[in-house]
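See structure below.
The values are calculated or read from the model by the stated rules, or taken from the named source; none is laboratory data. Since we're looking at a predicted model, the values are computed, not measured. Cβ atoms come from the backbone with ideal geometry, glycine included; neighbour counts cover every protein chain shown.
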Amino acid sequence: MDEALSAQESIFLNIKDPLHRFIHGIPKAELHVHIEGTLEPKLMFDLAKRNNVALKYKTIDEVKEAYQFHNLQSFLDIYYEGANVLITEQDFFDMTLSYLQKLNEQNVLHAEIFFDPQTHTERGVSFDTVISGINKALDIGREKYKVSTKLIMCFLRHLSEESAFEILEEAKPFKNLIHAVGLDSSELGNPPSKFLNVFKAASDLGYVSVAHAGEEGPPEYIWEAIEKLRIKRIDHGVRCLEDLNLICELITRQIPLTVCPLSNIKLAVFNDMKSHNIKELMKAGLIVTVNSDDPAYFGGYVAENYLAVCEALQLSKDDIYTLAKNSFLASFLSEDEKNNYINRLDNFVNSF
Ligand code: HPA
Ligand code: ZN
């Protein structure tokens, strides 16, 4: 056993296949995951039973069969329906803790996690219930698994800016638990500029900003997110390759992309993984990271996303190292924290 590795990292050295071993063991961060998208079918069933919520499906296999999407909206319809089983603080706690266990199994040391409060407050579940359940699990994750986390509160872009303002107000008592605001849900027809005022208000309150843009939407949406919402990171952003000036701007401003390969295939952003543009994004000089988005719906957590792109596009070990290093560099951690994690990453790679 190499002294430079943690006990946890040494466990990964037992994985037989070298690529799996490297990908599972390499220290990394996840910067694009929706906590509601980590709700596994088994837990969905357990919570439906516990809360007496009727589900459309009779068995877990039926749920899995329903996960055939042809675009973002066809996924969102099922994703919001799944979220109906989340009622109590314990439900949010259980869901979050099982995600943190997954991070530990894949040596993900840091996660910046989206939550969608409007999905729950619109159903009569209080903001307090949602964030308290999530936060209690994050406390345990920090102690038990040593995983650091930050929360990003997303505004649902299919709702009005007024509704976003209401949730920003409701979040005020919990300001110390939330690092950033984001923008998710149905992209086409809901450009970032629709939320100009609420992002300005969030920035005045001290929140950092990110936004989903350029997943299904055109490069103009990425421009708007940068110039109007003044975001620090673009979620997805894969359509930036259609606009050379935009690529230059993202590089000049050092704005990273949180790419979610399995999500992009499941939602038909690309036909198959071999057609994914992640290699071109990296070659163009962009700060690219690999993330899971909604792992319970798209067939894999972070490690499975790395594996899928590596296998389809023959990424090298150097590429994997770059992606893992970018995941820390693109995070909202302090410089010291970033350096600390990158040292651990370097130790792992040097002893491999
Ligand atoms: N895009 C937009 N909204 C979402 C997504 C996504 O990939 N996942 C959950 N909400
Ligand atoms: Zn997303």
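In the range 31-68, how many are outside any loop (DSSP other than H, G, I, E, B) and either under 30 Å from PHE328 (Cβ atoms) or of a type in the set (Phe, Trp, Tyr) (or both)? Don't jump to the end; show me each part of the working.
Just the residues of the range 31-68 that are outside any loop (DSSP other than H, G, I, E, B), to begin with: 31-38, 41-50, 60-66.
Right, trim to either under 30 Å from PHE328 (Cβ atoms) or of a type in the set (Phe, Trp, Tyr) (or both) and you get 31-38, 43, 45.
Matching residues across the range 31-68 total 10.
Scan the range 223-249 for residues that are in a helix (DSSP H, G or I) and within 14 Å of ligand 2 (Cβ to nearest atom) and jot them down.
ALA225, VAL238
Can you find, within the range 208-222, the residue that is farthest from the chain's Cα centre (by Cα) among those that are surrounded by fewer than 20 Cβ atoms within 10 Å (Cβ to Cβ) and free of Cβ contacts under 8 Å to residues at least 40 places away in the same chain?
GLU220
Please give the number of the condition SER327 fails out of (1) over 15 Å from the mean Cα position of the chain (by Cα); (2) assigned to a helix (DSSP H, G or I); (3) buried (at least 19 other Cβ atoms within 10 Å of the Cβ).
Of everything listed in (1) over 15 Å from the mean Cα position of the chain (by Cα); (2) assigned to a helix (DSSP H, G or I); (3) buried (at least 19 other Cβ atoms within 10 Å of the Cβ), SER327 misses just condition (1).
Is there a residue being of a type outside the set (Val, Ile, Thr), within 15 Å of ligand 1 (Cβ to nearest atom) and not in a helix (DSSP H, G or I) anywhere in the range 283-290?
no
Could you run through the range 12-51 and say how many residues are β-branched (Val, Ile, Thr) and without any contact (Cβ under 8 Å) to a residue 12 or more places away in the chain? Give the steps one after another, and end with the answer.
We begin by selecting, within the range 12-51, every residue β-branched (Val, Ile, Thr); these are 15, 23, 26, 33, 35, 38.
Within this subset, residues satisfying the condition of being without any contact (Cβ under 8 Å) to a residue 12 or more places away in the chain are 15.
Number of matching residues: 1.
Quick check on the range 144-200: of everything there that is within 21 Å of the chain's Cα centre (by Cα) and basic (Lys, Arg), which residue is farthest from ligand 1 (Cβ to nearest atom)?
LYS146
Filter the range 286-322 down to the residues that are among the small types (Gly, Ala, Ser) and over 18 Å from ARG233 (Cα atoms), then identify the one that is surrounded by the fewest Cβ atoms within 10 Å (Cβ to Cβ). Before you say what the answer is, go through the steps one by one.
First, pick out the residues of the range 286-322 that are among the small types (Gly, Ala, Ser): 292, 296, 299-300, 303, 308, 312, 316.
Next, only the ones that are over 18 Å from ARG233 (Cα atoms) stay: 296, 299-300, 303, 308, 312, 316.
On the way: ALA296: 26, GLY299: 17, GLY300: 18, ALA303: 23, ALA308: 18, ALA312: 17, SER316: 9.
The extreme case among them is SER316.
The rows are residues; the columns are (1) buried (at least 22 other Cβ atoms within 10 Å of the Cβ); (2) within 16 Å of ligand 2 (Cβ to nearest atom); (3) acidic (Asp, Glu); (4) over 30 Å from SER126 (Cα atoms).
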residue	(1), (2), (3), (4)
GLN8	no, no, no, yes
HIS20	no, no, no, yes
PRO41	no, no, no, no
PHE45	no, no, no, no
LEU86	yes, no, no, no
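Restricting the range 250-275 to residues that are away from ligand 2 (no atom under 16 Å from the Cβ) and in contact (Cβ under 8 Å) with a residue 24 or more places away in the chain, which is surrounded by the most Cβ atoms within 10 Å (Cβ to Cβ)? Break it down into steps so the answer makes sense when it comes.
The initial filter retains those residues of the range 250-275 that are away from ligand 2 (no atom under 16 Å from the Cβ), namely 250-255, 271-275.
Okay, now just the ones that are also in contact (Cβ under 8 Å) with a residue 24 or more places away in the chain, so 250-251, 253-255, 272-274.
Working: LEU250: 23, ILE251: 13, ARG253: 10, GLN254: 11, ILE255: 21, ASP272: 9, MET273: 17, LYS274: 11.
Result: LEU250.
For the range 1-30: of the residues being part of a helix (DSSP H, G or I) and in contact with a Phe, Trp or Tyr (Cβ under 8 Å, 6 or more places away or on another chain), which is farthest from GLU65 (Cα to Cα)?
GLU9
Examine the range 336-351 for a residue that is in a loop (DSSP other than H, G, I, E, B) and either surrounded by fewer than 18 Cβ atoms within 10 Å (Cβ to Cβ) or at positive phi (or both), and state whether such a residue exists.
no
Kindly check whether there is at least one residue in the range 55-62 that is of a type in the set (Asp, Glu), within 30 Å of ASN190 (Cβ to Cβ), at pLDDT below 95 and out of contact with any helix residue (DSSP H, G or I) (no Cβ under 6 Å at 6 or more places or on another chain).
no
Does PHE75 satisfy the criteria of being outside any helix (DSSP H, G or I) and either touching a Phe, Trp or Tyr at 6+ places or on another chain (Cβ under 6 Å) or at positive phi (or both)? Full working, then the answer.
Numbers: outside any helix (DSSP H, G or I): no; either touching a Phe, Trp or Tyr at 6+ places or on another chain (Cβ under 6 Å) or at positive phi (or both): yes.
Here the answer is no, as PHE75 does not meet what is asked.
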